[in-house]
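Only one structure is covered here, and it is reproduced in the block below.
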Amino acid sequence: MRIDCHNDTVGFLRNNDSLERQSGAHLDFERLRTYLDCSFFAVFIDQKKYAADLSGEFSRMLGLLKADIAQAPGVELLLNGSQLDTDPPEKSLILLSMEGASPLGDDGELLDEYFAAGLRALGLTWNYATPYAGGAREGGGVTAAGRRLISRCNDLGILLDGAHASHAAFSDLLRLSRSPIIDSHTVCAAFGDDFGRALTDEELRALAAKGGVAAITFVADFLGAGGSLDRLCEHIEYAVSLIGSEHVGLGADYDGAKLAPELAGVQFLPALYGRLRQRGMAESDLENVKGNSVRRLLRQVLPR
Ligand SMILES: [Zn+2]
């Protein structure tokens with residue numbers, strides 16, 4: 001099964017009617033149906049720009065995305081783990097994710113409402129601190145409100161995402177969550193960590209020990225060395241050798257960051273699979289990295 005764990009494609013709905021066909025984007029529904037079986041769609045609300053009405057803006061964007069999905073043939077929301085029982089699934093699945101929990105209020109007041117609306121993955125922070133945790137740029141661990149939020153996510157079946165958490169918050173999240181977690185778009189700090197949120201060997205091992213998945217991102221600045229296809233393969237191979245392919249996935253960050261031309265679009269995924277194979281990755285490992293690891297995690301964490 002082919003799964004991608006992070007994109008910011010929803011942002012196109014600020015200026016366009018539909019995600020059905022967006023030739024200027026890295027991803028649209030048309031290509032989703034061809035190249036992926038499931039994709040996380042993150043709704044990211046800049047907490048400084050929209051400080052006056054964070055939840056209003058989140059609700060607005062969520063509404064636009066859901067209305068667009070509702071009229072797209074062959075695409076549906078991923079709400080229950082059972083939708084992943086067949087491979088491939090009946091339709092191309094979209095998992096709604098919130099990147100940074102600040103639209104939930106100061107004490108998670110809106111979590112249940114957004115769960116009912118389809119939210120199935122949540123990052124406690126973007127780069128800045130929220131009422132729930134420290135962000136990659138500001139440091140600080142998980143707060144008391146963050147603890148309550150983590151527990152409620154575990155109860156509901158919302159997958160927790162450690163991307164953008166500070167190192168302290170990542171460690172707290174791993175310790176506090178009763179379910180395995182994901183890092184939906186990350187890289188291996190062994191190659192450098194200029195942005196404060198690459199995963200160290202120790203973090204990768206702890207994530208895997210808990211049953212989680214590290215989804216390697218295609219972001220050129222994070223990968224280093226120009227973010228080339230081979231450089232991406234090196235990060236993936238490193239993670240696989242360290243923690244096993246069953247804990248490694250892909251989280252491109254389509255339409256959220258600058259990607260090398262050879263990776264800048266979901267249509268280049270087959271070339272990535274081919275290159276990993278050519279460089280010597282075993283077929284069973286490749287299947288895990290393509291999405292089977294994340295499929296296993298989602299079937300475990302999401303409601304049945
Ligand atoms: Zn991000």
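The values are calculated or read from the model by the stated rules, or taken from the named source; none is laboratory data. For clarity, every value in this text was computed on a predicted model and none was experimentally measured. Because the Cβ atoms are built from the backbone with ideal geometry, glycine has one as well, and the counts that use them run over all protein chains shown.
ALA101 fulfils the conditions (1) under 20 Å from GLU57 (Cβ atoms); (2) free of Cβ contacts under 8 Å to residues at least 60 places away in the same chain; (3) in contact with an Asp or Glu (Cβ under 9 Å, 6 or more places away or on another chain); (4) within 15 Å of the ligand (Cβ to nearest atom) except for a single criterion, (3). In the set ALA121, ALA129, ALA133, only one residue is within 21 Å of the chain's Cα centre (by Cα), buried (at least 17 other Cβ atoms within 10 Å of the Cβ) and at pLDDT below 95; that residue is ALA129.
Every test in (1) surrounded by fewer than 24 Cβ atoms within 10 Å (Cβ to Cβ); (2) within 16 Å of the ligand (Cβ to nearest atom); (3) over 19 Å from PRO103 (Cα atoms) is passed by PHE170 save one, and that test is (1). Of the residues in the stretch 217-226, at least one is crowded, with 24+ Cβ neighbours inside 10 Å and closer than 25 Å to ILE158 by Cα. Only residues that are out of contact with any Cys (no Cβ under 7 Å at 6 or more places or on another chain), surrounded by 15 or more Cβ atoms within 10 Å (Cβ to Cβ) and closer than 17 Å to GLY157 by Cα: list them for the stretch 85-98, please. Answer for the stretch 85-98, where residues must be out of contact with any Cys (no Cβ under 7 Å at 6 or more places or on another chain), surrounded by 15 or more Cβ atoms within 10 Å (Cβ to Cβ) and closer than 17 Å to GLY157 by Cα: ILE94, LEU96, SER97, MET98.
Of the residues SER171, SER151, the single one that is more than 19 Å from the chain's Cα centre (by Cα), in a helix (DSSP H, G or I), among the polar types (S, T, N, Q) and more than 29 Å from VAL75 (Cβ to Cβ) is SER151. Filtering the stretch 103-129 to residues that are within 16 Å of ILE158 (Cα to Cα) and hydroxyl-bearing (Ser, Thr, Tyr) leaves TYR114, THR125. Looking at the structure I just gave you, is ARG60 at pLDDT 95 or above, over 15 Å from ASP255 (Cα atoms) and surrounded by fewer than 20 Cβ atoms within 10 Å (Cβ to Cβ)? Criteria met by ARG60.
Just one of the listed residues (LEU156, LEU160) is surrounded by fewer than 21 Cβ atoms within 10 Å (Cβ to Cβ), closer than 21 Å to LEU62 by Cα, touching a Leu at 6+ places or on another chain (Cβ under 9 Å) and among the hydrophobic types (A, V, I, L, M, F, W, C), and it is LEU156.
In the stretch 174-221, the residue that is nearest to the ligand (Cβ to nearest atom) out of those that are aromatic (Phe, Trp, Tyr) and part of a loop (DSSP other than H, G, I, E, B) is PHE195.
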